[in-house]
Amino acid sequence: MTAMADGLTPMFQQYLELRRQVPDALLFFRLGDFYELFFDDAHVVHKVLGLTLTGRDGGRERVPMCGVPVHAAEGYIRTLLEHGYKVAICEQVEDPKTARGLVRREIVRIITPGTAVEEGLVDDGPGHLAAVYGREGAYGVAFVDATTGEGAVLAERLPTLQAVAEELIAFRTREVLVPAAAPEGMQAFFARLGVPVTPFDPSGAPEAREESDPAAFCPPEAPPPARTAAEALYAYVRRVYPALVRALRPLQAYRRDRTLVLDPYTRANLELFRRKRSGEAAGSLFQVIDWTETPMGRRRLARRLERPLVDGAAIAERLKAVAFFVREGLLRHRVREALQAMYDLERLTARLALGTPSGGDLARLRETLRAALRLRAVLSSAEGAPMVVRAFLAAEAAPIEAALELLERALPDEPPAAPGEGRFFRPGYDAELDRLRAVREEGSAWLRRYEAEERERTGIRSLKVGYNKVFGYYIEVTKANLDRVPPEYVRKQTIAGGERYVTEALRAWEEAEREGVERLEARERALYAELIGRLQASGEAFRALADGLAELDVAAALAELAVRRRYVEPVIRDDGRIVLRGSRHPVVEAVLPDGRFVKNDVVLDDRRRILLITGPNMAGKSTLMRQVALAQILFQIGSFVPADAAELTPVDRIFTRIGAADDLVQGESTFLVEMKEVRLAVTEATPRSLILIDELGRGTSTEDGIAIAHAVIEYIHDVVGAKALVSTHFHELAALEGRLSGLVNVHMGVEVEAERIIFTYRLRPGATSRSYGIAVAARAGLPERIIRRAEALVRRYGGRTPEEQPTLFDGGGSTAVETAKRMIPVETTDRTAPAEPVDRTPAAAGAKPEGESPAVAAALRVAEAIRRLPLERMTPLEAFDRLREWQAELGAAVKAPDADAAAESGGPKRSTGLEKTPKNARPADGR
Ligand SMILES: Nc1ncnc2c1ncn2[C@@H]1O[C@H](COP(=O)(O)OP(=O)(O)OP(=O)(O)O)[C@@H](O)[C@H]1O
Ligand SMILES: [Mg+2]
């Protein structure tokens, strides 16, 4: 290394010394107002960030260099983190003005995906740094959310890496620490999950104990491997961001069997947080149910959805809170109003613990505390209040009131970002500060006076006092007046138009002024430190408050959801019964105009354990299966469910095998993925589990597919004993009903009438034997020749001939093509009276009369979306974005004649009123 440093300038020797300390990070080397990157780092950021590559004389060579301005560094750092890099921040730790020789520099922090806390670097959702330790059969895991300091450790050993992966996903892991000596497969496994992996040295962990007390950090329930993982977290945080250690809270011990376990496939399949195909949040379950008003509430809701409960009593408690706010509409409204005025108290508290909150942070804290006290007043009159409300009111208000009083007294309405310039505190807060401010004001008055007096005395009317960084204060006289300069003026600098001088008086004043500024600065910084110290003492109270607010926010939000979307409170059972009357799919329902979604009844119990669902393509099988799982999940997070009535038993796990997953896991064929999902379900499900298998065995040949499906269903029925919904196009499987006592055939009905296929979306008893696959193919626009040929071939492959499908192909020589054109989904008002009156607005009745053009359909959709737009909850920018989407949608509909059909087939993007206003999408001001 020294050899390498030979011949380099002292600064580069210093650079290389620091560089060696952080081999795994890009070094942001502070040089004045820039962070500079050198050597290989410069090439990296040149490539990744597109920064201009320049160079700097390094002594023996020219060193490649790229720079980013300090004030704009965050955006660049974010991009680098997203590309999997870590960034070491090296600062000048002494004032260059006073430094002798080379300015001292130190690495103050390494920013990694799991330890970033800045608003510009992380989104406001939950996100964790994780650590894993152990071996097959006994893994331990621990997590910490760097932005709030909260964390958890698993109080049991996990058997497999797959189980570890489930936890990592449930905790939204941003970075995982893995033992450096772990088998290679382990790192690769996590890397495949898309989680950045950082190796750690478990033998190095214990030295972390010196500074603080990680024994208190990790609760006693944690088994040894989890304890090592917790220690690794602690040591890592201490290494990369020493100040953050102070914000860390003791980890909470948790157990897996207290939560509904959802494997990664199932999370993706059910689109809990993002759409499977597009990865977008819009159209996910979370987006539909998130009516929270605060970031902490929103994170709490996300956490609930990541890990729903299984314990009936705990679910009941949550449901009680929701029911309360459903009943108390006015109170709910007022609670939500108060919540709306709040900022991210959890993260503000964490930043307070770090010791560096900005003036803006403190102002937001003040605003939040104010609103919290308002909220207490609002709630104090509530009668029959549930636990969340009672707990919120029971918390001591005194520390909050005291902190608020202090903040109101201390800070002006809009404090500057940092202390030091004399404007951070309100006049009257501190007598000494006020005095120093007055002295400074006097000083400026003296200077103005002095200038005027000197002009008078010398008779030089253009004489003026100025200031520059190098020479300090001076008196400037233009060339024409040089002869009038008094002898006691000392010349300092010659400029183009004249000369600059100093005087004894000016020097003395400047000295006093400098001292005054320093004193003022020092006083203000001391007051800041004292204020922070006093507020930190209330940290516990703030945290408890944030926690209570998060709970309240979630309860009120779920109530808002229940009221707006007419969800019902489920009755909690324990006998395995799952009964949904008038059940709807929460997301599809939200996309469709009001009342257009057709409700269904689903009943499962110990005698009726497996529903085998048949029915044509497009009939609504997949939708029905998912809606059952989603209702179950909503129930287990403590939410009402989209149904007219519900009785539900908590399940311990939900497994799904839905749709093609080959785009999710690279390098595995569709069928292999399908079989892996099935294996997971049949090997890990218990009698208390719920399994969804959509189109089992379709990825292979018909004979193999039927055989596998048959065997799997039998196994679930005879061995596993779980509840299951299984859909299939293999009508032969319907025969299982007679042989398996717990299996019941049902089908999604279509009606064929007057040459038209009508999707009724009604679940009916018994099996159906028709797929209408060719008709759907025709509708998708396959060339007519293919369709005709397929019709002819159906017979050869043992299917029903067109003649045997009279309802489909009879109509006066009509073909599947024509039939398909007439296939329209309709509301079944005329056949089966819907449970509620159908909305007759044009959009709802939307009803697409035959031949309705795509443009008209799009217009109706947009009109409906406008009608539902929650304007009062949107920013102008969001409204504008929406407008642009609609414009695009209308444009596309006019251009593409079949846009309508594409949207219908559940195709990719569909812009409707579905995307509820993203909550807290307030301007980036830290809310
Ligand atoms: N109950 C319902 N009410 C109204 N519309 C529905 C309902 N169920 C489904 N749909 C609509 O029908 C479309 C097709 O439904 P789904 O994908 O569930 O059919 P499927 O039977 O699984 O078809 P395939 O056999 O081709 O997979 C959905 O995208 C949705 O728009
Ligand atoms: Mg389907």
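Put a plus charge on the Cβ of each Lys and Arg, a minus charge on the Cβ of each Asp and Glu, and nothing anywhere else: the dipole of the chain about its Cα centre is then about 960 debye. With neighbour counts taken as other beta-carbon atoms within 10 Å, the residues S639, S701 rank, fewest first, as S701, S639. Where Lys and Arg each count +1 and Asp and Glu each count -1, what net charge lies around Q92 among other residues with Cβ under 13 Å from its Cβ? Combined, the nearby Lys, Arg, Asp and Glu give -2. With a ≥ b ≥ c the root eigenvalues of the C-alpha gyration tensor of region 542-611, is it rounded (a/c under 1.5), prolate (a/b larger than b/c) or oblate? Note, shape of region 542-611 comes out oblate.
Inter-label distance, Y797 to A735: 2.1 nm, where each label sits 7 Å from its Cα along the C-beta direction.
The residue list T728, A372, L177 was ranked by how far each Cα lies along the charge dipole of the chain toward its positive end, using unit charges on Cβ atoms, and T728 comes out on top. Here the sum of -39500 (n - 2.57) over DSSP H runs of 4 or more residues, divided by the residues of the chain, equals -13500 deg cm²/dmol at 222 nm, to the nearest 500. Region 326-441 gives an Rg/Rh value of 1.09, both radii derived from C-alpha positions and Rh following Kirkwood. What separates the Cα centres of region 302-357 and region 70-85 is a distance of 32 Å. Residues whose amide H falls under 5 Å from that of I757, counting only those 5 or more places apart or on a different chain, are M823, I824, with hydrogens built in the peptide plane.
In sequence order, region 307-321 has phi-based couplings of 9, x, 7, 10, 7, x, 5, 5, 5, 4, 4, 5, 4, 4, 5 Hz under the Karplus curve 6.51 cos²θ - 1.76 cosθ + 1.60, θ = phi - 60°, and Gly or Pro positions carry x.
Cross-link reach is defined here as a Cα-Cα straight distance under 13 Å, omitting same-chain residues fewer than 8 places apart; for K464 the aspartates and glutamates meeting it are E451, E453, E454, E456, E476, E499.
Residue ranges 226-235, 454-463, 686-695 sort as 226-235, 686-695, 454-463 when ordered by packing (mean number of other C-beta atoms within 10 Å per residue, highest first). Legend: residue pairs K676/K723; K599/K621; K276/K320; K320/K621; K320/K599; K86/K276, Cα-Cα distance threshold 24 Å; pairs beyond threshold, K276/K320; K320/K621; K320/K599; K86/K276. Relative to the current alpha-carbon distance between K97 and A314, full extension at 0.36 nm per residue lengthens the span by 71.9 nm. Taking the Cα centre of region 431-528 as origin and assigning +1 to Lys and Arg Cβ atoms and -1 to Asp and Glu Cβ atoms, the resulting dipole is close to 340 debye. Size of region 97-161: Rg and Dmax of its alpha carbons, in Å, are 18.5, 60.
Taking every Cα-Cα distance in region 431-528 and sorting them into 10 Å bins starting at zero, the pair-distance distribution P(r) comes out as 14, 43, 26, 13, 4, 0 percent. Seen against the Cα atoms of the chain and their longest principal axis, helix 431-458 is set at about 50 degrees. The residue list I460, L447, Y474 was ranked by how far each Cα lies along the charge dipole of region 436-551 toward its positive end, using unit charges on Cβ atoms, and I460 comes out on top.
In terms of surrounding Cβ atoms within a 10 Å radius of their Cβ, T115, T294, T494, T198 rank from fewest to most as T494, T198, T115, T294. Legend: Rg and Dmax of the chain, from Cα coordinates, 34.3, 120 Å.
Over region 1-136, the hull volume per residue, using the convex hull of the C-alpha atoms, is 147 Å³. Sorted ascending by nearby beta carbons within 10 Å, beginning with the fewest, K676, K97 become K97, K676.
Does region 22-99 classify as rounded, prolate or oblate by the C-alpha gyration tensor (a ≥ b ≥ c root eigenvalues; a/c under 1.5 gives rounded; else a/b over b/c gives prolate, otherwise oblate)? Oblate shape, in that a/c is at least 1.5 and b/c is the bigger or equal ratio. All alpha carbon pair distances within region 128-258 were sorted into 5 Å bins beginning at 0; the resulting P(r) in whole percents reads 2, 12, 24, 27, 21, 11, 3, 0. Counting only alpha carbon atoms, the long axis of helix 621-637 and the longest principal axis of the chain meet at about 50°. Of the GluC sites (Glu not before Pro) found in region 55-160, those that fall in a DSSP loop while having at most 15 other beta-carbon atoms within 10 Å are E61, E94, E118, E136.
Projected label points at D257 and T683, each 7 Å from Cα along the beta carbon direction, are separated by 2.1 nanometres. Once the chain from K492 to E453 is taken as fully extended at 0.36 nm per residue, the excess over their C-alpha distance is 12.0 nm. Relative to the longest principal Cα axis of the chain, at what angle does helix 39-49 sit, 0 to 90 degrees, rounded to 10? Rounded to the nearest ten degrees, it is 50. Loop-located chymotrypsin sites (Phe, Trp or Tyr not before Pro) in region 466-565 (DSSP state other than H, G, I, E, B) with a sparse environment of at most 12 neighbouring Cβ atoms within 10 Å: F471. Once C-alpha pairs closer than 8 Å and six or more residues apart are averaged by separation and normalised to the residue number of the chain, the relative contact order reads 9 percent.
Bear in mind that the values in this text are calculations on the coordinates, not laboratory data. None of these values were measured; they are calculated from a predicted model. Backbone-built Cβ (ideal geometry, glycine too); neighbour counts: all protein chains shown.
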